[in-house]
1. Do we find that T99 is over 20 Å from T13 (Cα atoms), in contact with a strand residue (DSSP E or B) (Cβ under 9 Å, 6 or more places away or on another chain), among the polar types (S, T, N, Q) and part of a strand (DSSP E or B) in this structure?
2. Looking at (1) among the charged types (D, E, K, R); (2) under 25 Å from L156 (Cβ atoms); (3) part of a helix (DSSP H, G or I), find the lone condition where D79 falls short.
3. Could you say which residue among R119, R157 is touching a Phe, Trp or Tyr at 6+ places or on another chain (Cβ under 9 Å) and among the basic types (K, R)?
4. Please go through region 132-171 and give me each residue that is in contact with a Pro (Cβ under 6 Å, 6 or more places away or on another chain) and exposed (fewer than 10 other Cβ atoms within 10 Å of the Cβ), ordered by number.
5. Of all residues in region 10-24, which are surrounded by 11 or more Cβ atoms within 10 Å (Cβ to Cβ) and either at pLDDT below 95 or within 21 Å of the chain's Cα centre (by Cα) (or both)?
6. Looking at (1) assigned to a loop (DSSP other than H, G, I, E, B); (2) touching a residue at least 12 places away in the same chain (Cβ under 8 Å); (3) out of contact with any strand residue (DSSP E or B) (no Cβ under 7 Å at 6 or more places or on another chain), which is the only condition Q122 fails?
7. Could you tell me how many of the residues in region 73-94 are surrounded by 16 or more Cβ atoms within 10 Å (Cβ to Cβ) and hydroxyl-bearing (S, T, Y)?
8. How many residues are touching a Gly at 6+ places or on another chain (Cβ under 7 Å) and closer than 22 Å to D60 by Cβ when one looks only at region 96-113?
Amino acid sequence: MDFRGILDRLRATGAPGLLGHDLPRAADPKDKKDKGRGGDPFLWVEPAQLPAFLERCRDDERLRFELLIDLTAVDPSKDDPNLWVVVSLLSLAHRHRLTVKCALPKAAASLPSSVPVYRAAQWHERECGEMYGITFAGHPDPRHILLPEDWVGAPLRKDYVFPDEYHGISCK
């Protein structure tokens with residue numbers, strides 16, 4: 001099934017939280033600042049509805065996205081008020097892929113955990129939590145995996161200021 005077929009199926013079944021989609025497009029030759037958008041098509045989903053949306057993607061027989069292959073975050077720019085959570089799904093049964101994005105305000109970066117739907121989300125959410133400062137409500141084990149527990153800040157955010165030292169060790 002191609003992207004349009006997946007989108008149509010999700011709309012037909014009333015997938016919770018589906019906000020819209022974005023397709024790759026060529027640059028507008030009349031606008032020198034428009035570079036177009038490459039990459040894969042993706043869906044925008046309401047953050048609070050992400051687990052229910054993923055459950056629909058997993059359980060619908062015509063979609064059967066059995067695998068969560070990635071869950072990460074992006075800070076588009078220092079001035080952008082949002083972070084993006086990006087989820088990549090794969091259906092082995094139907095041989096199709098889907099990318100899902102959620103926009104979270106940086107000031108209140110929180111959404112429900114997807115671990116009850118896909119156990120593979122556990123480590124991905126932990127990494128996003130400590131590197132981007134995102135809270136995954138209901139996560140079964142939110143301990144850090146990359147940074148010390150007392151680390152201050154979210155190092156992969158564009159507005160992060162790296163400390164001069166950590167416990168007497170120079171970070172410069």
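The values are calculated or read from the model by the stated rules, or taken from the named source; none is laboratory data. If you're wondering where the values come from, they're calculated on a predicted model, not measured in any experiment. Reconstructed Cβ throughout: ideal geometry from the backbone, glycine too, with neighbour counts over all protein chains shown.
1. Considered against the rule, which asks whether it is over 20 Å from T13 (Cα atoms), in contact with a strand residue (DSSP E or B) (Cβ under 9 Å, 6 or more places away or on another chain), among the polar types (S, T, N, Q) and part of a strand (DSSP E or B), T99 comes out as no.
2. With (1) among the charged types (D, E, K, R); (2) under 25 Å from L156 (Cβ atoms); (3) part of a helix (DSSP H, G or I) applied to D79, the lone miss is (3).
3. R157
4. If the condition is that a residue be in contact with a Pro (Cβ under 6 Å, 6 or more places away or on another chain) and exposed (fewer than 10 other Cβ atoms within 10 Å of the Cβ), then C171 is the only one that fits.
5. L10, R11, A15, P16, G17, L18, L19, H21, D22, L23, P24
6. Here Q122 clears every test but (1).
7. The number of residues fulfilling the criteria is 2.
8. Filtering region 96-113 for residues touching a Gly at 6+ places or on another chain (Cβ under 7 Å) gives 109, 112-113.
Those still in the list that are closer than 22 Å to D60 by Cβ too: 112-113.
Selection size over region 96-113: 2.
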